[in-house]
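Only one structure is covered here, and it is reproduced in the block below.
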Amino acid sequence: MGEQAALSRADLHSQFLARCRDGQFDRTALPPRLIIFGVSALPLQILEALHALSEHMQILCCVLNPCQHYWADIIDGRELHTATRKRQSIKPIIDEDETWQQGHPLLAAWGKQGRDFMRLLDLFDESHQFQSQFGLNKIDLFEKVDVDGSILHQIQQDILELEPPKATPRELNSTDESLRFVRAYSPQREVEILQDQLINALQKDSSLNPRDILVMVPEIESYRAHIESVFGWLDRNDPRFIPFTISDQSVQATHPILSAIDVITSFQNHRLGVTELLQLLELDAIRETFQIDEASLPYLSEWIREAGIRWGLNGQHRSLQGLSDTQGQNTWLHGLQRMLVGYALGDEDHWQGVEPFSRVKGVNATAVGGLAQLIRRLSSWSESLNTDKTVVQWVELLQSLLSDLFTVTSTDDQLIYTRLLSGLGELKTRAIDARVDGSFPLLVIGAELLVEVDVQLLCQRSTMRGIPFATYLPMRAIPFRRIYLLGMQEGAYPRVQVRNDFDLMSRAGLFRPGDRSRRDDDRYLFLEALLSARDYLGVSWVAKSVYDNSDKPPSVLVAQLRDFIALNWTLQGQLGHPVLNHLTQSHPLQPFALSYFQSDSPVSTYAEEWRLFHHPAPLSDSTMQPFEPEARVLMSEMTQFFTKPARYLFKKRFGSALTMPNTIPEDHEPFDLVGLEDYKIKAMAMSWFKETQRDDETQTI
């Protein structure tokens, strides 16, 4: 086993190929057929292994090819005609010395990853040996489709047919809505604009369902809060409500128990401050174990700060952070001693060197007892967690730790708890099979456990109960009727990849076809998204600064697409009108901008709540009478004034002279989210403030 462990991956690969050539293995362990699909690229080493296995079993590799003609020579002039094997037909060209000029420029700019993959496949392809096994002898499945003449379908068809740009620009129908660009001020505004676009699309097309729509962003974590705030605040009974799901999230961001595991398995290397431990107390599973009521958390948080607790379990825990503090001042142990002594003795003087903290009292004082049990239990585990152990020992220890700290009651927590136990079992099995008997710190095992659970949960298929918001992944966009791409600004996409100094693939001249390149991956994913949109493609980016209104460029991929359209299309009947102006919408900084509610505006919104800001209901009289205070003010009136000052103002100052609207205007339907009384108050307020601004008078209560 020692000799095998010393072998590198390259040595193992060579031995695998040799064993496949010799056939000295149990062939009955292999399945009769292996089908590979949903893969945009594979390295040469994997293809060599698959080719070696193909001598003993049938292997089918289903690959999405954007073009039905051989297109591997259209990108780099230095590599013209270097491929000796080409299964696809070569399209007739005018000048073979200028093959690279006869292809599609977008395919040339974005297809490097696909080109390299197709070339590698051609090295191992033996189509003449198995072509007769397929019906009608077809192994290249490119279907002819009738396009409707939209600009999106024209681009897709040109890439499929490997058509070069036309000599004269084509005309774009002014009613063509298959492709749109959106310029916004921030990610929040991008999502708000997207919501209006989705509502409009679903209302116009009754056959369109949320599952027919896909929204992709470069990094889902940076957009998660915006998506939840815009799409999540509407009630399900609201006509504007659209069901949605957020995929590809880090499980630690969506499941608090996993965040707690991250804190617990690494607190020996961290300070364990107030914020970290309060996050643990927010978990139902931990509060249930230590009998801490959720309503007592605000009191407990205040007492913790006032008792002087800052960080560290005790003095010994602080010593692990390089601080020699034998007294343990401002640690959790020191603060709890102050709380418990103060609760027991009140405002007495020092007791055995402990300054009492006497504010702990009342029914919420029981939470301090639960907190003390948690700190005591973490302290008892601290010594065991501080020494290196084998993987099997760590698994057994963590299983006991989980049962000691968590009492799972909800269904969601039970699912994650089961995944944790399953992940621990998987780590133990892998360690035993690989005969890993070395000792490791807890930080390594904890990180590996979270990765194992992360893989298990992310591999689950999305329920697709609504519009999926996801990040860019291979084959993610195939197919959807409408695809929206957000966050396509410069620097965000293609995503930046920081390479290590020892990475040979990053060095000039050492990169080989099939090597992983994040930027090439993103370019090919953008091409896949363009080709996968059946009816509509929307591209959005942050194009304006919210600070100085300066312009921000889009991603280089979006810029290439826009330049390609500007050179090859003109607006029908308007030769002097730039086609990009017709395809691009620029939205204002705020969702309540006046331009959204003007009839002749190119932009609109379904957020009718903001209409009241610009179009308040007319009032019969908006003159404020002089204020004459009563001799005696009742306590109930004081309460009304301080709790709802605006309502009290208009009730007392305007009096009965004002005519209150009895109904909400028709232009406020059907998206009314405020009650009639609130509407009346807001309408009166807007009318009065406009009147005072016009007269330039100062009104006081």
Quickly rank 634-641, 28-35 as a protection proxy: mean count of other C-beta atoms within 10 Å, highest first. 634-641, 28-35
Ordering of 645-652, 418-425, 521-528 by burial proxy (mean other Cβ atoms within 10 Å per residue, highest first): 521-528, 418-425, 645-652
Stokes-Einstein D for segment 534-604 at 4 °C, 1.567 mPa s, Kirkwood Rh over Cα pairs, in µm²/s? 90
Kirkwood Rh over alpha-carbon pairs of segment 483-555 plugged into Stokes-Einstein at 10 °C, 1.306 mPa s gives a D in µm²/s of 109
Read phi for every residue in segment 275-286 and hand back ³J(HN,Hα) as whole Hz from Karplus 6.51 cos²θ - 1.76 cosθ + 1.60, θ = phi - 60°, with x for Gly and Pro. 4, 5, 6, 5, 5, 5, 6, 6, 7, 4, 5, 7
Karplus-derived 3J(HN,Hα), 6.51/-1.76/1.60, for each residue of segment 407-417, Hz, glycine and proline x: 10, 7, 10, 7, 5, 5, 5, 5, 4, 5, 4
Within segment 189-274, list the chymotrypsin sites (Phe, Trp or Tyr not before Pro) lying in a DSSP loop whose Cβ has at most 11 other Cβ atoms in a 10 Å radius. 233
Solvent-accessible area of residue 507, probe 1.4 Å, all protein chains present, reported in Å² to the nearest ten, please. 120
Short to long, in 10 Å steps from zero, the percent of alpha-carbon pairs of segment 303-399 per bin is 15, 39, 29, 13, 4, 0
Whole-percent pair-distance distribution, where bins are 10 Å wide, for the alpha carbons of segment 173-292: 10, 30, 26, 19, 11, 4, 1
Given H placed on each backbone N at 1.01 Å, which residues far from residue 170 in sequence or on other chains put an amide H within less than 5 Å of it? 569, 570
In Hz, Karplus ³J(HN,Hα) per residue of segment 594-600 (6.51, -1.76, 1.60; θ = phi - 60°; x = Gly, Pro): 4, 4, 5, 10, 9, 5, 9
Computed for segment 277-377: size of charge dipole around the Cα centre, +1 on C-beta of each Lys and Arg, -1 on C-beta of each Asp and Glu, debye to nearest 20, value 260
Taking amide H positions as placed 1.01 Å from N in the peptide plane, with prolines and chain starts having none, which residues 5 or more places from residue 246, or on another chain, fall under 5 Å of its amide H? 469
Please list, ordered by chain and number, the residues whose modelled amide H lies under 5 Å from the amide H of residue 60; skip anything fewer than 5 residues away on the same chain. 34, 35, 36
In terms of the ratio Rg/(2.2 N^0.38 Å) built on C-alpha atoms, what value belongs to segment 148-237? 1.40
Once you charge only the Cβ atoms, +1 for Lys and Arg and -1 for Asp and Glu, what is the size of the charge dipole of segment 424-572 about its Cα centre, to the nearest 20 debye? 440
Determine Rg/Rh for segment 233-353; Rg is computed over alpha-carbon atoms and Rh is the Kirkwood hydrodynamic estimate from the same atoms. 1.13
Accessible area, 1.4 Å probe, largest first: how do 341, 392, 451 sort? 451, 392, 341
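The values are calculated or read from the model by the stated rules, or taken from the named source; none is laboratory data. Here the structure is a predicted model, which means the values were calculated and not measured. We place every Cβ from the backbone using ideal geometry, glycine too, and count neighbours over all the protein chains shown. Surface areas here come from the heavy atoms of the whole protein model, side chains and all, with no ligands, DNA or RNA. Shrake-Rupley method; radii C 1.70, N 1.55, O 1.52, S 1.80 Å.
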